[in-house]
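Let me begin by presenting the structure, written as structure tokens, before commenting on it.
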């Protein structure tokens with residue numbers, strides 16, 4: 001449901017028990033003459049060794065205003081991992097545990113003040129358990145073929161042979177990655193940089209209970225408050241929400257669903273299992289009975305180019321490098337002819353499965369793992 005959250009609370013609503021844990025003193029903080037300064041209070045190496053997940057705290061001075069920023073992974077606070085997913089009913093437990101962990105870090109905040117804390121950023125997320133023999137890496141390689149808006153960048157360096165698909169701008173991003181594979185990676189190469197010791201143990205547990213488990217992680221990272229508010233208003237929610245208002249299943253579901261539809265609802269023909277050009281030509285002639293045969297053959301070529309390993313993005317790069325960029329709009333007019341259900345079926349089964357699991361939005365839990373399901377790690 002939710003992963004990373006960044007909260008901000010005015011220092012007047014906090015009891016600063018120990019400034020030393022921020023590597024400073026009360027006198028230094030309130031007597032500093034600079035208009036902007038930060039003091040950090042991060043989990044220690046001993047905390048990590050002991051398997052105790054704690055937030056990152058930052059005491060910030062802006063002009064005459066002092067605030068504390070609290071950054072944490074909500075599921076890690078409760079489960080010590082972010083493969084298991086939270087529910088709304090976990091909210092009180094999250095607040096209580098967060099409160100206790102912050103107290104051990106020298107800051108005491110009342111329950112009400114945590115619940116009403118300003119939200120600077122949050123990351124709605126959903127773990128999708130793939131079935132039918134599909135692997136997360138195969139799904140990512142196919143999803144990468146979409147026609148990505150020029151407003152978003154695709155992180156080619158992080159693609160790593162189908163392990164992660166990151167579509168991003170400075171203010172927000174949509175990240176899809178192989179969650180199980182990420183658990184076993186060294187920190188320097190993992191997508192989740194803030195892993196707990198329990199997550200390493202979790203990978204070993206999965207290998208024992210169901211080594212064939214495949215999980216595709218979907219995560220929307222609303223990195224800036226402006227973009228966060230923009231997305232909330234777009235979905236009919238009030239901007240500048242307190243913590244308690246974003247800890248909602250329906251809200252997180254709507255955000256994940258919106259990003260999925262924005263990126264993957266068009267050009268469904270890309271995910272058609274059928275790649276035989278003769279079959280596609282017959283479909284085109286059936287759908288457009290008055291079309292000229294040469295034009296139909298050209299559209300078969302478009303179909304194949306869009307579905308190539310580099311997908312529509314690679315096809316577009318080739319066109320843009322050869323002709324004026326405006327020519328892509330001309331090509332898209334012909335591609336639109338393929339935006340018909342007749343060209344979308346039969347599709348890879350993981351496509352409707354992802355949509356179904358987003359719509360249900362049931363929490364993924366590792367204690368429900370069973371070796372009796374049909375999740376086969378068959379690389380397509």
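Note on residue 262 and residue 118: with the Förster distance fixed at 35 Å, the Cβ-Cβ geometry gives a FRET efficiency of about 0.85.
Show that you can apply the helix-only estimate: for the chain, add -39,500 (n - 2.57) for every DSSP H stretch of four or more residues, divide by all residues, and state [θ] at 222 nm to the nearest 500. All intermediate terms of the calculation are to be shown ahead of the outcome.
Details: 17 runs with 153 residues, N = 380.
Computed ellipticity for the chain at 222 nm equals -11500 deg cm²/dmol.
Taking Cα extents along the principal axes in Å as calculated from this structure, the corresponding entry among (i) 73, 56, 36; (ii) 59, 43, 36; (iii) 82, 51, 35 is (iii). Taking packing as the residue-averaged number of other Cβ atoms within 10 angstrom, the listed peptides 287-298, 19-30 run from highest to lowest as 19-30, 287-298.
Take 228-239, 75-86, 205-216 and order them by the average number of nearby Cβ atoms within 10 Å per residue, most first; the result is 75-86, 205-216, 228-239. The coefficient of translational diffusion for region 222-380, derived via Stokes-Einstein from the alpha carbon Kirkwood radius under 4 °C and 1.567 mPa s, stands at 67 µm²/s. Can you give me the angle between helix 311-322 and the longest principal axis of the chain, using Cα atoms only, in degrees from 0 to 90, rounded to the nearest 10? Long axis of 311-322 versus the principal axis of the chain: about 80 degrees. If the chain linking residue 154 and residue 290 were pulled fully straight, counting 0.36 nm for each residue of separation and taking away their Cα-Cα distance, it would gain 45.1 nm. Relative to the longest principal axis of the Cα atoms of the chain, helix 277-287 runs at roughly 80 degrees.
Each of 44, 34 has some number of other Cβ atoms within 10 Å of its Cβ, and from fewest to most they run 34, 44. Considering only alpha-carbon pairs that sit under 8 angstrom and 6 or more positions apart, the relative contact order computed for the chain is 21 percent.
A short reminder: the numbers here are calculations on the coordinates, not readings from a lab. The model shown is predicted, which means the values in this text are computed figures rather than measured ones. FYI the Cβ positions are ideal-geometry reconstructions off the backbone, even for glycines, and counts take in every protein chain you see.
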